[in-house]
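Engineer: Pasting in a structure now, in structure tokens, and then I'll have a few things to ask.
All of the numbers you see were taken from the coordinates with simple rules; none came from a lab. Predicted model, so just to flag it, every value in this text is computed and none were measured.
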Ligand SMILES: C[S@@+](CC[C@H](N)C(=O)[O-])C[C@H]1O[C@@H](n2cnc3c(N)ncnc32)[C@H](O)[C@@H]1O
């Protein structure tokens, strides 16, 4: 396990840190950066690790969609969300990430999931998997989008990928949360600020938590459940 200071940088070797003002700004740079993060760490060596993603599961449960409804987790990384959704009986799950090795770890953990779980290496800023989903889940990905054009690209992917009246679960660092994640600058959101990022969606529920990292520090999260208006 890494120390908090190491993990707040989140990368090793020549990867620039946020202090340098560097951040990955195109697909190739993002892929290289995030593959490097996952190659350099154990699953519980990243600040965002949680064995039970309670905040996310609670919001998915509130959507009360049938277990046959397709769900996508963007920027899934090593998250155990899909493990818990499989246990709940969901049988059409897709996990997307820039890191092939992160998704390979998930597949290795869930060898019996078979076709109930699709793993896709892709960039959420340019996502089109050729189908739509009833629920889009994102924990700790949207907050990396510090530029307006990146958030526009994210919303375009969301609109392409979410079915009419589909559900949206987004969790970001809250107003008292860290200012960086994995060494990159992030945007922190209040509930109102997060809701304002998604015009065309109605707020259904708000939630939040002080996430305890594997090394015992806390990170404030803001989360919302929203529903697409049309
Ligand atoms: C802070 S981690 C959160 C992981 C997971 N959602 C969780 O809660 O455990 C951010 C994840 O998003 C992925 N990621 C970052 N930018 C991405 C992008 N543009 N497209 C797809 N995945 C991305 C990273 O590889 C990493 O796995």
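Engineer: Compute the relative contact order of the chain as a whole-number percentage, counting only Cα pairs closer than 8 Å that sit 6 or more residues apart in sequence. Before the final figure, lay out each step's value.
Structural biologist: Numbers: 450 pairs, mean separation 50.3, N = 230.
Relative contact order for the chain comes out at 22 percent.
Engineer: Still on this structure, I have one more. Among 169, 204, 106, which one shows the biggest mean-square fluctuation in a GNM of the chain, springs joining Cα atoms closer than 10 Å?
Structural biologist: Greatest mean-square fluctuation among the candidates belongs to 204.
Engineer: For n ≥ 4 DSSP H runs only, could you compute -39500 (n - 2.57) per run for the chain, divide by its residues and tell me the 222 nm figure to the nearest 500? Write out the running numbers ahead of the final one.
Structural biologist: Numbers: 7 runs with 67 residues, N = 230.
Per the formula, -8500 deg cm²/dmol.
Engineer: Let me ask something else about it. Please compute, over every Cα-Cα pair in the chain, the percentage with a separation greater than 24 angstrom.
Structural biologist: The proportion of pairs with Cα distances above 24 Å equals 39 percent.
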